[in-house]
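Where a number appears in this text, it was derived from the coordinates with a stated rule and is not lab data. Quantities reported herein were computed from a predicted structural model and do not represent experimental measurements. Here the Cβ is made from the backbone with ideal geometry for all residues, glycine too, and neighbour counts use every protein chain on show.
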């Protein structure tokens, strides 16, 4: 039987064997240590400069990494140690260069697609890739956004990075697979966008795929804000059952937008401008300023307009949406206010009431 000590040694050897750079580093350091001891043992007999062990270690390390840039040895054993460490150092540098070159070539061949796990945090995961997704990426990385979030795309058939941006990461995988979601660091993600496959002949089949993706994400991390596009409005109830956070019915939204544009000319362009991040003002969600907890909507509207030129358009209170015209609504600490502003970075923490409420 193999003893426990030998078993741990074999495990360490196997671990290093699977990582050639770590194995080569361990061998080089071991060789430098042994060569330094032998070098010092023979060279110290001839006095300075190698009569000190630290000086001998420094000399052997320099010999291994940069060649004969030190005082030459004076013994045969010293020369042998010098040539051995020099040869090992050259092999190590060649291996390091080869590994770096292989990774660069591999990334080029993969066209920006990540092969391993990602370490991003606070990112947005885009599940599935369609041609119309390019416009969404441009919106997420719009110049008006001073602090855009990283974006991770997961798609089984994507062949290359669709946009050259340092905050964009691409994973070739299935967004319903827990392993691929973990590669995208779903545990630290802020939001997930699930786009419907509009090219599908069967809208129910597309919604079923989206439903599986939402179920996989909510199972791994219920805190992720899932935003899903639904083709058949009747399927919205199923997404509510799996606790999707935002359900967008394309059919209903389009019908309402067309109707609004017909009854009020220019409304369609106005709403479209509010939903884009590359121009004009956009809708942002913010917590209620501390000074307005317990106050009315009217107090908050007047203060934001006069102090920040920001318009309040709605409030999320619990599970319901409160329209801004509900002036008598008392703001709570956990409410979320929706504002129309030109930047997400606007801070309302220092917002103060214009006047004290009557006693």
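The table for this structure:
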{"item": "Sites residue 139 and residue 306, calculated FRET efficiency, Cβ-Cβ separation with R0 30 Å, nearest 0.05", "result": "0.50"}
{"item": "Among (1) -0.55, -1.22; (2) -0.30, -1.17; (3) -0.47, -1.18, the entry derived from the coordinates for log10 I(q)/I(0) by the Debye sum over Cα atoms at q = 0.07, 0.14 Å⁻¹", "result": "(1)"}
{"item": "Most mobile listed residue (301, 81, 227) in the chain, GNM with C-alpha springs under 10 Å", "result": "81"}
{"item": "Rg to Rh, two decimals, where segment 247-310 supplies the alpha carbon set and Rh follows Kirkwood", "result": "1.09"}
{"item": "Segment 144-189-segment 251-313 distance, computed between alpha-carbon centres (Å)", "result": "30 Å"}
{"item": "Share antiparallel - DSSP beta bridges, segment 140-291, percent rounded to 5", "result": "0 percent"}
{"item": "Sorted by Cβ neighbour density within 10 Å, fewest at the top, the residues 153, 113", "result": "113, 153"}
{"item": "Relative contact order %, the chain, counting alpha carbon pairs below 8 Å whose residues are six or more apart", "result": "10 percent"}
{"item": "Separation of alpha-carbon centers, segment 23-78 and segment 117-133, rounded to whole Å", "result": "52 Å"}
{"item": "Antiparallel content of DSSP bridges confined to the chain, in %, to 5", "result": "40 percent"}
{"item": "Helix-derived mean residue ellipticity, 222 nm - over the chain, DSSP H n ≥ 4, -39500 (n - 2.57), to 500", "result": "-14500 deg cm²/dmol"}
{"item": "Net length gained if the chain between residue 29 and residue 179 were fully extended (0.36 nm per residue, minus Cα distance)", "result": "50.3 nm"}
